[in-house]
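Each remark here refers to the structure printed beneath this line.
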Amino acid sequence: MEIVSVAELNKQRNGAFNNPEGIPEIVHPLQIPSENKVYPHNPFIVANTKEVSLSTLKHDCIIPVFSKDNEKTLAHQEFIEIAQDCVGKVFSHHTIEVPEVRVSHQIKGRTADAIYKPVKELLEHEKTQYFERMAFIIRIPSITENINGHDVSLTVGGVRAYNQENLYNRKSYEKFKFFIGFQNMVCCNLCISTDGYQDEMRVGNYSELQSKIMDLIEGYSAQSHLQDMKQLSQHNLTEQQFAQLIGRARLYNFLPKEEKTLIPELMLNDGQISTVAKDYYLDDSFCRNENGDINLWNVYNLFTGANKSSYIDSFLSRNVNAFDFTKGLANAINGDSKHRWFLS
């Protein structure tokens with residue numbers, strides 16, 4: 001994985017999205033490794049996505065417009081660059097990796113001079129494309145912590161999905177999803193909490209998007225999030241409780257609406273719950289122990305691992321729900337009635 005220092009990152013900036021000076025720097029008193037560890041590289045999301053470079057988005061993709069007034073959208077690459085700039089300002093004394101970008105739902109087109117050509121005769125310069133959905137992350141590997149034997153690294157990222165915009169109308173507020181949280185470097189699962197996530201940033205221009213990203217980053221408490229995750233490893237489910245959880249989770253999506261409203265939400269689908277059940281036995285890092293018990297940190301990572309099969313536009317919200325749901329299971333073990341339905 002290519003590492004870029006903040007100093008080098010700032011050299012690459014064109015200054016278009018710079019904030020005024022005086023923004024307070026956030027310093028997290030977390031572990032700063034003396035050397036960069038090498039981890040196996042796994043994608044943070046799979047589903048039907050593929051990895052592309054920022055350069056591909058810049059040079060090989062067209063930019064969609066709002067059809068009624070031909071105003072351009074905020075392009076995927078602009079979103080990423082604004083996020084890079086914000087991260088560089090807030091974490092100016094830390095190592096920052098280049099963005100990892102994954103896209104899906106390719107929209108193909110062709111230039112006007114190739115309008116009558118058969119597909120097989122099209123030349124590369126006559127083809128156009130853009131990707132309807134894009135997700136990216138930017139890791140800050142110099143801010144890490146260890147939870148239950150697993151290193152987690154501070155990470156920011158976002159999602160842009162053009163299918164959630166009305167591109168057939170006039171330009172209006174555009175929608176973005178953004179988060180700051182951690183990534184489990186053993187499996188590359190993302191760990192996102194409600195406090196570090198905004199499901200819908202509605203913005204009209206670059207400066208509004210930058211301002212909202214900065215607000216989210218500066219308002220996020222890494223220590224509180226880490227503490228919540230560490231506490232998950234202190235709670236265990238027996239094999240019987242885990243089996244009860246899987247069974248109830250399979251029933252959940254078929255409950256009548258009036259009954260479902262009385263139970264905490266679980267957003268993973270039936271296929272993902274099956275993946276969790278399979279990995280309870282087979283996952284190398286998060287499976288049951290020799291007694292059949294499994295701690296909630298491992299359960300949480302089974303959830304976030306299964307969530308990698310979600311489409312880009314639902315991926316982050318399901319990830320946040322997995323964290324809230326697992327914390328609810330911990331409360332249920334301690335007697336809270338809200339999540340008892342899943343374990344009773």
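So if the hydrodynamic radius of segment 68-166 is defined as the Kirkwood radius over C-alpha pairs, what does Stokes-Einstein give as its diffusion coefficient at 25 °C and 0.890 mPa s, in µm² per second? The partial results should precede the final answer.
Numbers: Rh = 16.6 Å.
Answer, rounded: 148 µm²/s.
Over the residues of segment 130-241, compute the C-alpha Rg and express it relative to 2.2 N^0.38 Å. Write out the running numbers ahead of the final one.
Numbers: Rg = 17.0 Å, N = 112, 2.2 N^0.38 = 13.2 Å.
Compactness ratio reported: 1.29.
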Worksheet entry | Cα-only Debye scattering, segment 200-278: base-10 log of I(q)/I(0) at q = 0.13, 0.15, 0.23 Å⁻¹ | -0.74, -0.86, -1.03
Fill in: Expected 222 nm ellipticity per residue - DSSP helices of 4 or more, -39500 (n - 2.57), all of the chain, to 500
-10500 deg cm²/dmol
Discussion item. Rounded, prolate or oblate for segment 228-344? Axes are the square roots of the Cα gyration tensor eigenvalues, ordered a ≥ b ≥ c, and the cut-off for rounded is a/c under 1.5.
Written reply: rounded
Discussion item. Checking the cross-link filter: which lysines have an alpha carbon closer than 17 Å to that of residue 260, excluding same-chain neighbours under 8 positions apart?
Written reply: 338
Item to complete: Work out from phi, with θ = phi - 60° and the Karplus expression 6.51 cos²θ - 1.76 cosθ + 1.60, the ³J(HN,Hα) of each residue of segment 321-335, listed in order in whole Hz, and give x for Gly and Pro.
Response: 4, 4, 5, 4, 5, 5, 4, x, 5, 4, 5, 5, 4, 8, x
Response to the item:
Between the residues 335, 154, 119, the Cα farthest towards the positive end of the dipole of the chain, that dipole coming from +1 and -1 charges on the beta-carbon of Lys, Arg, Asp and Glu, is from 119
Worksheet item: Once phi is turned into θ = phi - 60°, what whole-Hz ³J(HN,Hα) does the Karplus curve with 6.51, -1.76 and 1.60 give for every residue of segment 168-181, x standing for Gly and Pro?
Response: 8, 10, 7, 4, 9, 4, 9, 10, 9, 10, 9, 8, 9, x
Worksheet entry | For segment 64-181: accessible area per residue (Å², 1.4 Å) | 40
Item to complete: Could you go through segment 215-222 in sequence order and give the Karplus-derived ³J(HN,Hα) for each residue, using 6.51 cos²θ - 1.76 cosθ + 1.60 with θ = phi - 60°, rounded to whole Hz, and x for Gly and Pro?
Response: 4, 5, 4, 6, x, 7, 9, 5
Worksheet entry | Relative packing of 81-87, 255-261, which averages over residues the other C-beta atoms within 10 Å, highest first | 81-87, 255-261
Worksheet item: If you project the alpha carbons of the chain onto their three principal axes, what span does each projection cover, largest first, in Å?
Response: 66, 48, 36
Practice prompt. Would you be so kind as to identify which of 243, 229, 217 lies farthest towards the positive end of the dipole of segment 200-267, taking Lys and Arg as +1 and Asp and Glu as -1 on Cβ and the Cα centre as origin?
Written response: 243
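The values are calculated or read from the model by the stated rules, or taken from the named source; none is laboratory data. This one's a predicted model, so the numbers in the text were calculated from it and none came from an experiment. All Cβ positions, even for glycine, are placed from backbone atoms using ideal geometry, and neighbour counts span all protein chains on display. Just so you know, the surface numbers come from the protein's heavy atoms only, side chains and all, with ligands and any DNA or RNA stripped out. Shrake-Rupley method; radii C 1.70, N 1.55, O 1.52, S 1.80 Å.
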